[in-house]
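Take a look at the structure set out below.
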Amino acid sequence: MADEEDFIEFKIIDDRQYSKDHLWFIKLESDEETGDLYKIGITDFLQAELGDMIRVVLAQPSSVDEYDEFSNDDGDSEQVGTGAREAGASDHQVLENETLATLRTSNGRHVIDAPVACNIVELNGEVEDSPELVNDDPYNDGWLMNIRPDELDEDALLSPEEYLEHLYEV
């Protein structure tokens, strides 16, 4: 008989698409001129796996030295993530595999990289002020940001059923 610790309770929402990296996507608008706009966040599975959120830092260009733990090794003072006081409309470009967010949890730190190059349109500063929103409501109040991907292959995203199958494989 398996221990209770072997099981993680989580939900998958039907109106979302999912990545294999445990991000959810919901298309907010489609515009031929500016591109598709998506709201994204982490899945309930990932937040359950990571544990209690202590801090959420969303990607923002800045020269603030407040968060030394996010400085790069070459001593450059440009930081990623400056806290909710600057969150809201963002409108800056992030390349594929660059950091979108850093989640500090009771179990350590987890970095979320951009699955595609995108323009960050809006940040949810509420999750930086209240990181527990990501645990309590990852599909609604715990969303991370709105993005306009340069090129997103929607066929590469998973339906809720495909995401569940993916979880059985990992």
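The values are calculated or read from the model by the stated rules, or taken from the named source; none is laboratory data. Everything numeric here is computed off the predicted structure, so don't read it as measured data. Neighbour counts run over all protein chains shown; Cβ positions are idealised from the backbone, glycine included. Just the protein is used for accessible areas: all its heavy atoms, side chains included, with ligands, DNA and RNA removed. Shrake-Rupley method; radii C 1.70, N 1.55, O 1.52, S 1.80 Å.
Work out how much length Asp14 to Ser130 would gain on full extension: take 0.36 nm times their residue separation and subtract the Cα-Cα distance, in nm to one decimal. Don't skip to the end; give the middle numbers.
Details: separation 116, 0.36 × 116 = 41.76 nm, distance 2.58 nm.
Between Asp14 and Ser130, full extension yields 39.2 nm more.
Take each of the peptides 142-152, 127-137, 156-166, average the number of other beta-carbon atoms within 10 Å over its residues, and list them starting from the highest.
Working: 142-152: 20.3, 127-137: 18.7, 156-166: 14.6.
Averaged packing, sorted descending, gives the order 142-152, 127-137, 156-166.
Which net charge results for the neighbourhood of Pro160, defined as the other residues with beta-carbon distances under 12 angstrom from its beta-carbon, given Lys and Arg at +1 and Asp and Glu at -1?
Values: positive: Lys11, Arg16; negative: Asp14, Asp15, Asp44, Glu161, Glu162, Glu165.
Net charge in that neighbourhood comes out at -4.
Normalise the Cα radius of gyration of the range 105-147 by 2.2 N^0.38 Å (N = residues in it) and let me know the number. Don't jump to the answer; show the numbers that get you there.
Numbers: Rg = 11.3 Å, N = 43, 2.2 N^0.38 = 9.2 Å.
For the range 105-147, the normalised Cα radius of gyration is 1.24.
Given a 1.4 Å probe, how much area per residue of the range 5-53 is accessible, in Å²? Mind dumping the intermediate values first?
Working: 2870 Å² over 49 residues.
Dividing the accessible area of the range 5-53 by its residue count gives 59 Å².
Output the peptides 107-120, 46-59, 23-36 sorted from most to least packed, where packing is the average of other Cβ atoms within 10 Å over each peptide's residues. All intermediate terms of the calculation are to be shown ahead of the outcome.
On the way: 107-120: 17.1, 46-59: 19.4, 23-36: 14.2.
Ranking the peptides 107-120, 46-59, 23-36 by packing returns 46-59, 107-120, 23-36.
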